[in-house]
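In what follows, a structure is listed as structure tokens, so that the remarks can point back to it.
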Amino acid sequence: MAVVPGGPRSGPAARAQFFCTAGRGLEPFLIREVRERLAATQVEYISGKVFFTACSDLNMLKQLKSAERLFLLIKKQLPFPVSSVSKGKIFNELQRLINDDPESWLNAISIWKNLLELDAKKEKLSHKNANPLKRKVGEDDTAAKKLKTEQIQEIQETKECQLEKQIEEKLLEQGNFITEEGKFQELQNDVMEAADTRNQTDLTFRVSCRCSGAIAKTLTAQEVGRVIGIALMKQFGWKANLRNPNLEIFIHLSDIYSVLGIPVFRVPLACRAYIKTAGMRSTIAWAMASLAEIKAGAVVLDPMCGLGTILLEAAKEWPDVYYVGADVSDSQLSGAYDNLRAAGLKDKIELLRVSVIELPLPSESVDIIISDIPFGKKFKLGKDIKRTLQEMERVLRVGGTIVLLLSEDHHRHLKGGEASSGPLNSQGGRTEEPGGEECLTPAGKAAVSEPASSSFVAGNQECLDRMPPLGSLVPVDCYRVSLGKTDALISKYKKSSSPGR
Amino acid sequence: MRLLTHNLLSSHVRGVGPRGFPPRLQATEVRINPVEFNPGFIVRMIPKVEWAALLEAAGNLHLIEVPKEPIQGYEHNEEFLRKMHHVLLEVEVLEGTLQCPESGRVFPLSRGIPNMQLRDEETET
């Protein structure tokens, strides 16, 4: 992965505890990221969440590519015993989360404010450098202005990512124009009305709650939210504001942990500012690219690129590389072209209109292939997927890497196709593959013991065992990831030298 | 389509095999785009370049100052690298055609994207 020259920085911000939500199956990727990008310590994970400690500022935290959302940790503790306990008792336990330990809350909020102010200072600095004649803006005011920007973004939260981004951009534009005294005064007044962050008792907040497992049978999310909300108002004097709060509190009660946090960004990390129209999930696209061993000077092909999500994620991370995307659909390529242009990556990525089963490329001319094999009935299983893989195998150079996203059906079909004729290896079956050990390592590195981890590891080994070799393509690694309603398998192959083909 | 891409392409019409390389390039609309010079990237691309194909394509586009071959010590020769950078990355064919040298089949190139899809009867096997 591309690491800032000089290695990961321990940033200027104070040490703080964070956690990220992640799509199931992406946890090992995220663990690796927080360690390599942020020099994170005390890294721990459960299914769907990665906890860590780091001294990073907002810019560094924004770099995380395999996370859904990022939160400052307020509290994490073992779940409430729920089975034989009355509702009232549970409510008491919930209140104690606040009343027994208000310091944790205030501490988290102060860190949150510091992160925002640090970011606002940097913005001010860059504005100052751009125009030294601009009116000097006070520090508190800048932080307040940033908060105001964030509040306005909050209103749009339920809408599409694209809409949010447009508004965010517009506001930043408007923000840059505030040099005249009159305009500035106006904005300042607005901010004073909305929230005075210097005085904590005027903070407005909202509680977002999720319950899963045993506790979900006893309590609803709304009930929990209400109890916590009232306790917060009593303890700290904050006012609830459901539509437009300064501060959002996130609670997840499950069988493994009770977790409370403050979202660091309004917009999820998984929603990329540089992607105009996402095709597949950006987190998974990035994860696939991170497995492909992309090195400077490589030729990387996505022969079914659709809107180009994989190429965009890869080109952002590994820029000194030649990317080629191909698709049969004119409308998809058109969308891909718009995406490239919007992301400023037109110079790095080329597009072709061509079918994956007949690639106009000489044999062994490509170093790396990364592709999301289409799911669904349109893509005929059996014949099409075999031809697709054969053609990919042909254009890939020996020693090259292929990373594919396959549905369960594709996987099954590849395994089941052993009886058919053709260049694909029909004697394959199960291979004892040294690479199988590799896929255990990410989970193994997960540090602190977790009840979920053993089944997690077993799942990966199982899916790797089920990958047959395909001609000269040798399976190396496999990760099961969640796409929401279904699962998919990120499958990595390497092309070995193929005698007698 | 940039010339670096053209240099990778090969016609895949049935029976043509390696004689499908390189496709003959004709352009009706060409645009020159300034692209940030990245010497490290160009150095790595030079060994992959098929020179005859590049020179033929550059000739068809009437480009001047195109190096004929990699010169000794090209890795450190900024003038050479800049020329290659220009030829490979800054010349974009927006409208034109690519022709299979063996079968004569013409593929259209429109809005910068070549369409090399084959009809059923033209595909290999």
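Bear in mind these aren't lab numbers, they're just calculated from the coordinates by the rules spelled out. Since the model is a prediction, treat every value here as computed from it, not as a measurement. Backbone-built Cβ (ideal geometry, glycine too); neighbour counts: all protein chains shown.
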**Report entry** Karplus 3J(HN,Hα) series, Hz, for the stretch A:337-352 with 6.51 cos²θ - 1.76 cosθ + 1.60 (x for Gly, Pro)
**Finding:** 4, 4, 4, 4, 5, 4, 8, x, 10, 4, 7, 9, 10, 9, 10, 10
Requested in this report: Please name whichever of B:Ser11, B:Phe37, B:Pro47 sits farthest to the positive end of the charge dipole of the stretch B:3-118, dipole taken about the Cα centre and charges placed at Cβ: Lys and Arg +1, Asp and Glu -1.
Outcome: B:Ser11
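Quote the charge dipole size of the stretch B:3-118 about the Cα centre in Debye, to the nearest 20; the model charges only the Cβ of Lys and Arg (+1) and of Asp and Glu (-1).
Computed about the Cα centre, the dipole is about 460 debye.
Find out how many positive minus negative residues lie around A:Leu396, taking Lys and Arg as positive, Asp and Glu as negative, among other residues whose Cβ is under 12 Å from that of A:Leu396.
Numbers: positive: A:Arg394, A:Arg397, A:Lys494, A:Lys495; negative: A:Glu364, A:Asp367, A:Glu391, A:Glu393.
Here the charged neighbours net out to 0.
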Query raised in the report: Could you put A:Phe19, A:Phe236 in order, starting from the residue whose Cβ has the fewest other Cβ atoms within 10 Å?
Result: A:Phe236, A:Phe19
Query - Phi to ³J(HN,Hα) by Karplus 6.51 cos²θ - 1.76 cosθ + 1.60 over the stretch A:400-408, Hz, x for Gly, Pro - result: x, 10, 10, 10, 10, 9, 10, 7, 4
Query raised in the report: Given H placed on each backbone N at 1.01 Å, which residues far from A:Arg210 in sequence or on other chains put an amide H within less than 5 Å of it?
Result: A:Ile251, A:His252, A:Leu253
Query raised in the report: What number, in percent, do you get for the relative contact order of the stretch B:3-118 if the mean sequence gap of Cα pairs under 8 Å and at least 6 apart is divided by its residue count?
Result: 37 percent
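Can you pull a Stokes-Einstein diffusion coefficient for the stretch A:227-289 at 25 °C (0.890 mPa s), Rh from Kirkwood over Cα pairs, as a whole number of µm²/s?
Details: Rh = 15.0 Å.
So the translational diffusion coefficient is about 164 µm²/s.
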Query raised in the report: So what J values fall out for the stretch A:272-279 if you push phi through Karplus, 6.51 cos²θ - 1.76 cosθ + 1.60 with θ = phi - 60°, rounded to Hz, Gly and Pro as x?
Result: 7, 5, 8, 10, 6, 10, 7, x
Query raised in the report: Based on the alpha carbon coordinates of the stretch B:3-118, what radius of gyration and maximum Cα-Cα distance (Dmax) apply, in Å?
Result: 14.5, 43
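Need one number for the stretch A:16-104: average projected area of the convex hull over its C-alpha atoms, nm².
Numbers: hull surface 27.5 nm².
That works out to 6.9 nm², a quarter of the Cα hull's surface.
Given the DSSP H assignment, sum -39500 (n - 2.57) over each helix run of at least 4 residues in chain B and divide by its residue total; what's the result at 222 nm in deg cm²/dmol, nearest 500? Don't jump to the answer; show the numbers that get you there.
Numbers: 4 runs with 29 residues, N = 125.
Mean residue ellipticity, 222 nm, calculated: -6000 deg cm²/dmol.
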Requested in this report: Could you line up B:Ile46, A:Ile74 from fewest to most neighbouring Cβ atoms inside 10 Å?
Outcome: B:Ile46, A:Ile74
Report summary line: Listing A:Asp327, A:Asp465 by rising number of other beta-carbon atoms within 10 angstrom, fewest first, gives A:Asp465, A:Asp327
Query raised in the report: So if R0 is 22 Å, what FRET efficiency would A:Arg226 and A:Leu483 give, r being the distance between their Cβ atoms, rounded to the nearest 0.05?
Result: 0.10
